[in-house]
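The values are calculated or read from the model by the stated rules, or taken from the named source; none is laboratory data. Only a predicted model underlies this, so the values are computations on that prediction, with no experimental measurement involved. Positions of Cβ are backbone-derived with ideal geometry, glycine not excepted, and every protein chain shown enters the neighbour counts. Heads up: the accessible areas ignore ligands, DNA and RNA and are worked out on the full protein's heavy atoms, side chains in. Shrake-Rupley method; radii C 1.70, N 1.55, O 1.52, S 1.80 Å.
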Amino acid sequence: MDSLSRYAVVSCHVERPLDDRVWAAFERLLSSRPGGFDVTPFLRPPAEGEDEKLWLERARHAAALAPLGHHTHWGGIEQARPKGVDPSALVREQADWLRANELMPRYFCGGGWYVDEALAETLAQHGYVDCTATTFQQSYLAADAPRLQLDGPRRLLLGSGATLLELPATHSLGMLGRGLARLRGPVHVHFHDWELAEPRRALAIPVLLRMLRVLRKPLDIDELAERAADAPEAAFAGATIAS
């Protein structure tokens, strides 16, 4: 796993794919590959009442530019974490809908960094690589909120006997900006599409990624998954912070 320490990947949680202004900014970034990074688009599937035809058009375009990810919000744009719904059932429904429309995302990230073991089992059943874990604790989440914290890529051993490859996020944009001089191990930077609609953040993203390129060699997420295929094993119950 030490061989991963020289590399970095970048992903974007595309939460507003039907917002024309946000999508245009994201599409420009995806095409420009700042710093040589292929930005993995984790797309939130359309909620009830949203334009499925336009969503599919944009998702197919994104999939032609970079490996595609699936990002679930359990309540549309605003409600990221589950509230009054079965998390696994919604992910199964979305995954089946994506496949029925000939989209085959290989990667997943739960909204609000939510994951529990039942959801992890569903992800394994659908052949996903999960990116919901982080190497850090989110300050806005309660101490007992279901989430997953790991110090690097792991193969999670689930109760059913299935294995789920986990590629944790290591830095938000702010964390990257504050910590460029102190990077340790492989880097997985994440940001949100709506950040591109904020002028200061939109300017900062390509600058930070070009600076990151000086310190880490860019990988796309497919290459990271391949290199992490022999990551250490960890039992889910021992790795999760709360369930």
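Legend: Rg and Dmax of the chain, from Cα coordinates, 16.8, 47 Å. Inter-part distance, segment 136-156 to segment 173-242, computed on C-alpha centroids, equals 15 Å.
Remark: accessible surface ordering of Arg184, Arg147, Arg227 (largest first) is Arg184, Arg227, Arg147, probe radius 1.4 Å.
Using a Gaussian network model of the chain in which every pair of alpha carbons under 10 angstrom is joined by a spring, one finds that among Ala25, Ala181, Ala118 the greatest mean-square fluctuation is at Ala181. Calculated on C-alpha atoms, the gyration radius of segment 14-88 divided by its Kirkwood radius gives an Rg/Rh of 0.99. Summing charges over neighbours of Ala225, with a neighbour being any other residue whose Cβ is under 15 Å away from its Cβ, gives -4 when K and R count +1 and D and E count -1.
Restricting the calculation to Cα atoms, segment 100-205 yields a radius of gyration followed by a Dmax of 15.3, 47 Å. Amide H to amide H, with H built 1.01 Å from N, His192 comes under 5 Å of His13, counting only residues 5 or more places away or on other chains. Here the relative contact order of segment 22-103, from alpha carbon pairs under 8 Å that lie six or more residues apart, stands at 26 percent.
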